[in-house]
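All remarks here apply to the structure that follows.
The values are calculated or read from the model by the stated rules, or taken from the named source; none is laboratory data. Remember, predicted model here, so these are calculated numbers, not experimental data. All Cβ positions, glycine included, derive from the backbone under ideal geometry; neighbour counts span all protein chains shown. Only protein heavy atoms, including side chains, enter the accessible area calculation; ligands, DNA and RNA are left aside. Shrake-Rupley method; radii C 1.70, N 1.55, O 1.52, S 1.80 Å.
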Amino acid sequence: DAICNFVICNDSSLRSQPIIFNPDFFVEKLRHEKPEVFTELVVSNITRLIDLPGAELAQLMGEEDPKLPGANSTASGFFRSLMSLKRKEKGVVFGSPLTEEGIAQVSQLIEYLHKNLRAEGLFRVPGNSIRQQILKDALNSGTDIDLDSGEFHSNDVATLLKMFLGELPEPLLTHKHFHAHLKIADLMLFDEKGNKTSTPDKERQIEALQLLFLILPAPNRSLLKLLLDLLYQTAKKQDKNKMSAHNLALMFAPHILWPRNVTANDLQENITKLNNGVTFMIKHSQKLFKAPVYIRECARLHYLGSRAHTSKDDLDLLTSSGSKELQPLKSQKRSRLDSCHQEETQQRTEEALKELFRHVHNMPDSAKKKKLIRQFNKHPTALTPGSDAPTSPAPRRTRSRSFSGLIKRKVLGTPVILERKSRDTTPEPVRVSKENVQLLQKCGSPAHMSQAKLKSLEGQKEESCRRMRARLLSKDSSSL
């Protein structure tokens, strides 16, 4: 049931290159060509997993400005104003909105840190401020940096990466998605009685994050993938660097998830949810950037089929309890194979009928040809390649109309025919036309009518035979 694409390349120089198959090809195609259709498809499935009231749903769709915690509070106004002043001086990379150019510059830092993940206290121990400023100016100017020269320490690069994320105008996961992440953190399993437990529902959380990441802006999604992969690899070496996934979440949650210009007092009890949410992202980062199967299928059908877009609930209704996702694909392929088979059979039937008509048309003129053409015109669909052509009945023998033949039939043939008819116990079915129905009703039943007629005919024939014999005897006597 897997969907495979075959690429035929005639260039011999490219045949040795590896073939990259992207299972999310149609998903990305739909995202770029029809963003409104794509967003509606994804958001409809997000609301199936988490409960978003009207205002929060409008914020997620970008129809309303997000209402963030601490927006109307004046208790921490000094700290917010101080943080906004630090972001006033915007450079090409630091402090400016996220662009592909900025990601290209920052990716140098991420690539360097992948090679130096064993440093103890990575992302927690601050580096040298002077070296960090030199490195920051170099990135803003766009000059090439040789990080492997030994001039910079891994702690310098790690601190500068956090600084870049913290100076973005909005968090990497955007303000619009803030309330959705809080709801995802509340997804818990239910017990047998339907009561909510304290155990996180990991499958639903992964599915919700997959959908939420699909509607992130393209630059944010690209950098988030690079960052979470780096933190995942860092946590795998926690025996060397002493940085677990939870410790890394404490370092990066304020930079990638917390709303800008807020403090810990503004978030209050939501801090634990946010930190646990980032921890979950780091641990499952290798699964979060794949589109769910039903989203892939809907995007593929949008371009290759004519079926309407369906959500995962609609696909589940079509499946059995044993196979939740493969059964819709099987039924669709069976229907396609059946339709293709029917079209092929119909095409062969039409070709066979055309060939049969040509054969009949080329036959010499005869009664058989006329009858075949007449039957073909009456029932053109009944003549299939597997059915036999109707055979014409044997021609009836023409009767002799000579006087001698008439005498022989009258004298010799009639008794024989009458005897055969009397011996036959299974009478042949009599075909009665519509015009004779009334006449038959008046004269009585066909059985009574035939017996009366037979008696009269026998008397008439006996009388005619006597007369004919008398004439023959008189002629013979006169000749003598």
Query raised in the report: Quick check: is even one residue across the stretch 107-114 modelled with pLDDT under 90, open to solvent by 50 Å² or more (accessible area, probe 1.4 Å) and outside any loop (DSSP other than H, G, I, E, B)?
Result: no
**Report entry** Selected residue [farther than 25 Å from residue 51 by Cα and touching a helix residue (DSSP H, G or I) at 6+ places or on another chain (Cβ under 9 Å)] from 267, 274, 212, 223
**Finding:** 223
Requested in this report: Could you tell me whether any residue of the stretch 190-204 is touching a Ser or Thr at 6+ places or on another chain (Cβ under 6 Å) and among the charged types (D, E, K, R)?
Outcome: yes
Query raised in the report: Failed condition for residue 92, given (1) under 23 Å from residue 250 (Cα atoms); (2) open to solvent by 50 Å² or more (accessible area, probe 1.4 Å); (3) among the hydrophobic types (A, V, I, L, M, F, W, C), with all others met?
Result: (1)
Report summary line: Taking the stretch 138-162 and keeping only residues that are part of a helix (DSSP H, G or I) and either among the polar types (S, T, N, Q) or open to solvent by 60 Å² or more (accessible area, probe 1.4 Å) (or both), one is left with 140, 141, 148, 149, 154, 155, 159
Report summary line: Output for Cβ contacts, cut-off 9 Å, separation at least six or different chains, first residue within 20 Å of residue 205 (Cβ to Cβ) and open to solvent by less than 30 Å² (accessible area, probe 1.4 Å) in the stretch 40-69, second of a type in the set (Val, Ile, Thr) and part of a loop (DSSP other than H, G, I, E, B), reads 42/215; 43/215; 46/215; 60/215
Requested in this report: Only one of these is modelled with pLDDT of 90 or more and either touching a strand residue (DSSP E or B) at 6+ places or on another chain (Cβ under 7 Å) or surrounded by fewer than 14 Cβ atoms within 10 Å (Cβ to Cβ) (or both): 203, 170. Name it.
Outcome: 203
Query raised in the report: Which helices (runs of 4 or more DSSP H) does the stretch 191-276 wholly contain that include 2 or more residues that are over 26 Å from residue 159 (Cα atoms)?
Result: 202-214
**Report entry** Residue satisfying all of: in the stretch 115-137; out of contact with any Lys or Arg (no Cβ under 6 Å at 6 or more places or on another chain), open to solvent by less than 40 Å² (accessible area, probe 1.4 Å) and in a loop (DSSP other than H, G, I, E, B); nearest to residue 253 (Cα to Cα) among these
**Finding:** 123
